[in-house]
Amino acid sequence: MALKSEHTPQRYFRQMKAVTALAPKYRAMSDDQLKAQTAHFRQQLAAGQSLNTLKIPAFAVAREADRRVLGLFPFDVQVIGALVMQDGNVAEMKTGEGKTLTATLPMYLNGLTGSGNFLVTANEYLAYRDAKKMGKVYRWLGLTAVAGVPPTGGDPHDRDLQRIYKADIVYTTNSTLGFDYLMDNLAGTTQDRFLQGFHFALLDEIDAVLLDSAQMPLIISGAPRVRSNLFGIADQVIRLLKLDVDFERSSDHKKVWFTPAGITHMSEYLGLTGLLTEKHRTLYQHLVLALKAHQTLTRDRDYVVDDDGISLLDLSNGRKLAGMKLEAGLHQALEAKEQVPVSTQTRTMASITFQNLFRMFSHLSGMTGTAMTDAAELQETYRLSVIPVPTNKPSQRIDRPDQLFMTTDTKLEHAVALVKQAHDKGRPVLIETGSVSLSNLFSRILLRDEIPHNLLNARSAAKEALIVKEAGQLGAVTVATSMAGRGTDISLGPGVKELGGLLVVGTERMNSARVDNQLRGRSGRQGAPGETIFLVSIEDSILLEHGPKWLRKYRRQLAKNEAPAHPSWITRHRFKHLITQAQHNAEREDRQSRNQTLQYAEIMRVQRDTIYATRQTIMTQPDLTPLLTSVFKMATNAFLRDHPEPTRNVLADYVLNTIDNQLVIADVIDQQWTPQSQQTAKFLRRLMVDQLQKKFKNINEDQQVYFERMCLLKSLDNAWIDQVDMLQQLRQIATNRSTAQHDPLLEYLKDGRRSFANMKRAFAHQAVQNLLLSEFNFKADGTIDVTYP
Ligand code: ADP
Ligand code: MG
């Protein structure tokens, strides 16, 4: 055992020894005795013991159960990993160290507390697979454990949500949990709500969950917005514009903006003036979207176009991102660009970022093969420390230094030569490419050279797993995008060790060193031999997008044959740090952009929390009178805000349209009415209370509360959904604002707060209308039919 890491705090070694010391005690128990420990621990918890005090014996029990049920006895280092995670840290455990098994220890311990404990991955296939296999252990020990996701190809609507969220332990994905959470908060009754709280989340491949998918918020879309024909027009105009004349682009190609000349040209094409004025705001927004679609998103890298229309790709593994849509309007702009039918634009009904989803957990932890590189961010954003866990056996993997080439062609030729050389001996090779199109290209080159191989991209995770699993067999050649098949172990076939183990060839470095390390980690697991090498060229996208300026110049000279193809005149040193620097740039930009997402998401989080808490009150309070009183007050205040001194007609109009449309106005409002707001407010509130009482004359109290609840929820949800959509659009406007005078975030915060205040007034107004103007019929079975105004 290679237990010699100075980086793992000593206390974890001590605690691990305490766990291992208990092994003989539990080993000696019968199955029934061991199973009985669960009830025993639960009693201790009920008696006020903390999870921390139960940690040592509970880990020892889970470990023994792992052995009996799965035939796998967690190694000492795995116990250390479990302890690290129970403390709320991220355990960095290399690929192949057995993180899946490690997780059974903290999951069992937390599962003792009842529901609300989640093992989360970014991949449905893995969640289902691990729930099935590891679930056996928990169930054997008397806990309930289920998969939160459907089996591969299964329908997510077929899930038994009640059973899932009641379980002590749920294996699920970040998206599934997020969508279920949002749906839960769109539910009309408590019976339709399933989540039981957020106690513990252990995130497998935590970097994939928290960092790689952090910028894409989960969105539930609902009722369609009016279809806009401006997408086509905007698309045609954008095609006429020129880079650096009409618009400019940031070096990483992530941001584009119009120049004044561009604005002038577009106005000419469109034959209008004042493109930037309020009058043309919608048109201008469409132009911005079209520009973004053309300049920041690349076909076959960011998205694919097929029979299903446009699907976004997960950059890290080339897989289609199910259920992920670009934010408001960009998807349609992209459809216009690719000349596929423009889909109906839907309104966003609910949205949450993964950051905010996981911040709701009182106890968060994670594991991954690579996190040290992003430790500072995890610390800052999630208060998670990354703690490295030693490997079970010392690593024998050889990581070769990068080889630099001047062109992509020479690089790929060399890559093929490497593959050939290894393949001739039967040594398995895994080739990584940076994009789907490159992996197709490489596959064609291999075909040309008659090297049989498997190609992995944008397919189903299940098939990927099958292929990757075989990647360590004698003679296997596998071409993949960088993180395809992540989470599936590559074990070596017979005779492969003798050939030096799996050879990993990276054909380009990715935007983050962490992703590169993930790839390296596929080789040399559990002390097996292995070798990794990256081939890079100065034409690689990492250098194109994030490299220094002089390199661009050099590349141009090279193209014109003005520079030597083998730059002996340039010090090797100059090139040596090129990639590292470019990666640092890229990582910094990614970090900033994640941080920005977080800042923008914050206002939505605060507002969402308020709304969801109000929903909860509406659904659970037995007496809603206090809430109704404040709703009446809000509604009258809103009215008086718009009409500080209402004339008799204005007042009459409001009463008829909001409180009672059958009222004879002359009966309640004096001909000599003088507007004095204090009295008006009181007067209106009294009318509201009277009207409600009139409505409730013939129905019992239960029915009253039921009706009130329905009206309030409906109004709140309508108002909130509008607000979510509004925030979404405000954000887009803020981030597209190219004028530098304003701080876009501040503007967004201001607009966001203002619209929230409007939203509350809209809610109160609609609630009053729903309560007082709707018609209802009670049916024989006690339910009611409500016709809203
Ligand atoms: P990781 O997620 O850390 O990359 P996995 O959880 O996929 O690793 O496990 C890699 C392999 O190691 C699996 O085949 C698993 O069955 C095996 N394994 C894990 N722990 C043990 C153990 N304690 N004893 C024997 N085999 C183990
Ligand atoms: Mg794993």
Item to check | Filter result (closer than 16 Å to H765 by Cα and either open to solvent by 60 Å² or more (accessible area, probe 1.4 Å) or out of contact with any helix residue (DSSP H, G or I) (no Cβ under 7 Å at 6 or more places or on another chain) (or both)) within the stretch 657-670 | outcome: N657, N661
Checklist outcome for this item: Among strands (runs of 3 or more DSSP E) entirely inside the stretch 74-159, those with 3 or more residues being surrounded by 24 or more Cβ atoms within 10 Å (Cβ to Cβ) are 90-92, 117-121
Checklist outcome for this item: By residue number, the members of the stretch 85-102 that are away from ligand 1 (no atom under 13 Å from the Cβ) and either within 14 Å of Q526 (Cβ to Cβ) or not hydrophobic (A, V, I, L, M, F, W, C) (or both) are Q86, D87, G88, N89
Next on the checklist: Suppose we filter the stretch 34-55 for residues that are surrounded by fewer than 20 Cβ atoms within 10 Å (Cβ to Cβ) and of a type in the set (S, T, Y); how many remain?
Outcome noted: 2
Checklist entry - Would you say A58 is modelled with pLDDT of 95 or more, surrounded by 24 or more Cβ atoms within 10 Å (Cβ to Cβ) and either part of a helix (DSSP H, G or I) or of a type in the set (D, E, K, R) (or both)? => result yes
Item to check | Residue list for the stretch 60-74, restricted to those being within 16 Å of M16 (Cβ to Cβ) and within 16 Å of ligand 2 (Cβ to nearest atom) | outcome: D66, P74
Checklist entry - Can you tell me which of I538, I542, I490, I467 is assigned by TED's automatic domain parsing to the domain that holds E413, β-branched (V, I, T) and without any contact (Cβ under 8 Å) to a residue 24 or more places away in the chain? => result I467
Next on the checklist: It is to be established whether one or more residues within the stretch 309-331 are more than 25 Å from M510 (Cα to Cα), at pLDDT 80 or above and not β-branched (V, I, T).
Outcome noted: yes
Checklist entry - Among the candidates A82, A46, which residue alone is within 16 Å of ligand 2 (Cβ to nearest atom), closer than 24 Å to G197 by Cα and free of Cβ contacts under 8 Å to residues at least 40 places away in the same chain? => result A82
Next on the checklist: Given the condition out of contact with any Lys or Arg (no Cβ under 9 Å at 6 or more places or on another chain), more than 16 Å from ligand 1 (Cβ to nearest atom) and free of Cβ contacts under 8 Å to residues at least 24 places away in the same chain, answer yes or no: does some residue in the stretch 164-185 qualify?
Outcome noted: no
Next on the checklist: Among the residues in the stretch 444-461, are any touching a Gly at 6+ places or on another chain (Cβ under 6 Å) and not assigned by TED's automatic domain parsing to the domain that holds T298?
Outcome noted: yes
Checklist entry - Taking the stretch 253-273 as the region of interest, how many residues are part of a loop (DSSP other than H, G, I, E, B) and over 13 Å from Y284 (Cα atoms)? => result 5
Item to check | Hey, D516 within 14 Å of ligand 1 (Cβ to nearest atom), of a type in the set (D, E) and within 30 Å of the chain's Cα centre (by Cα) or not | outcome: no
Item to check | In the stretch 37-80, residue nearest to R27 (Cα to Cα) [restricted to those that are away from ligand 1 (no atom under 16 Å from the Cβ) and among the polar types (S, T, N, Q)] | outcome: Q37
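Among the residues of the stretch 160-181, how many are hydrophobic (A, V, I, L, M, F, W, C) and part of a loop (DSSP other than H, G, I, E, B)? Break it down stepwise before answering.
Of all residues in the stretch 160-181, those hydrophobic (A, V, I, L, M, F, W, C) come to 161, 164, 167, 169-170, 177, 179.
Among the residues that remain, those that are also part of a loop (DSSP other than H, G, I, E, B) are: 167.
Residues that pass the stated criteria total 1.
The values are calculated or read from the model by the stated rules, or taken from the named source; none is laboratory data. Computed from a prediction, not measured in an experiment: that's the story for all the values here. Please note: Cβ atoms are built from the backbone with ideal geometry, for glycine as well, and neighbour counts cover all protein chains shown. Accessible surface areas use protein heavy atoms only, side chains included; no ligands, DNA or RNA. Shrake-Rupley method; radii C 1.70, N 1.55, O 1.52, S 1.80 Å.
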